[in-house]
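Enquirer: Structure in structure tokens, see below.
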Amino acid sequence: MELNGEQLIAASIPDVWKGLNDVDVLARSIPGCEEISRISPEEVHAKVMFKIGPVRARFSGKLLLSDIIPDQSCSMAFEGSGGAAGFAKGKSRVELKPAEGGTLVSYTTEASIGGKLGQIGGRLISASAKKIADDFFQKFAKELGGEAIALESDKSDQ
């Protein structure tokens, strides 16, 4: 599954970067987030409750950051397990660019999903992932005192 998109956040690049690296801001922004902790500057662990189609599960996972260029971009590798519901793992890249009205956040994500989640149709998984991403950016932008505006059409592939 691939998920790509762009969001305009009505905040400065340094504020957006700081927010993306603040576990308290992330905890309030990630839909279903129950717990999040920074293990090191490059590693974050989280527990998140997701409902995708008929499957509802609590995922425990970790995120490893790499290729970090402060106030510009980073890459992430992630993996999570939801017990009998399945697992997800993949990679993502986030880039920040100045834009009129704030900061343009571009992201690309590639993920593989297995277990019960892997048996759900790709369109349902993609639609759920896009909704989770949109919800995250709306909450995140509000945490920074602004709003998020999705640009163009977000592209999702199976």
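The values are calculated or read from the model by the stated rules, or taken from the named source; none is laboratory data. Predicted model only: the values in this text are computed from it and were never measured. Reconstructed Cβ throughout: ideal geometry from the backbone, glycine too, with neighbour counts over all protein chains shown.
Enquirer: What single numbered condition from (1) part of a helix (DSSP H, G or I); (2) of a type in the set (S, T, N, Q); (3) over 23 Å from Leu8 (Cβ atoms) fails to hold for Ser112?
Expert: Result: Ser112 passes all but (1).
Enquirer: Here's a check for you: in the stretch 115-158, which residue that is at pLDDT 85 or above, assigned to a helix (DSSP H, G or I) and among the aliphatic types (A, V, I, L, M) is surrounded by the fewest Cβ atoms within 10 Å (Cβ to Cβ)?
Expert: Filtering first and then ranking leaves Ile132.
Enquirer: Please go through the stretch 62-85 and pick out each residue that is in contact with a Gly (Cβ under 8 Å, 6 or more places away or on another chain) and among the aliphatic types (A, V, I, L, M).
Expert: Correct list: Ala77, Ala84, Ala85.
Enquirer: Let me ask another. Suppose the filter is part of a strand (DSSP E or B) and in contact with a Gly (Cβ under 6 Å, 6 or more places away or on another chain); does Ala88 pass it?
Expert: When the stated conditions are applied, Ala88 passes them.
Enquirer: Would you call Glu42 surrounded by fewer than 15 Cβ atoms within 10 Å (Cβ to Cβ), within 18 Å of Lys131 (Cβ to Cβ) and either within 15 Å of the chain's Cα centre (by Cα) or acidic (Asp, Glu) (or both)?
Expert: Considered against the rule, which asks whether it is surrounded by fewer than 15 Cβ atoms within 10 Å (Cβ to Cβ), within 18 Å of Lys131 (Cβ to Cβ) and either within 15 Å of the chain's Cα centre (by Cα) or acidic (Asp, Glu) (or both), Glu42 comes out as no.
Enquirer: While we're looking at this one, here's another question. Mind checking which residues of the stretch 66-107 are hydrophobic (A, V, I, L, M, F, W, C), within 13 Å of the chain's Cα centre (by Cα) and surrounded by fewer than 17 Cβ atoms within 10 Å (Cβ to Cβ)?
Expert: Listed by number, the list holds a single entry, Ala77.
Enquirer: Across the stretch 72-97, what is the total count of residues that are within 24 Å of Ser12 (Cα to Cα) and either charged (D, E, K, R) or touching a residue at least 60 places away in the same chain (Cβ under 8 Å) (or both)?
Expert: Count: 5.
Enquirer: Which count do you get for residues in the stretch 98-135 that are under 25 Å from Ser66 (Cα atoms) and without any contact (Cβ under 8 Å) to a residue 12 or more places away in the chain?
Expert: Matching residues across the stretch 98-135 total 0.
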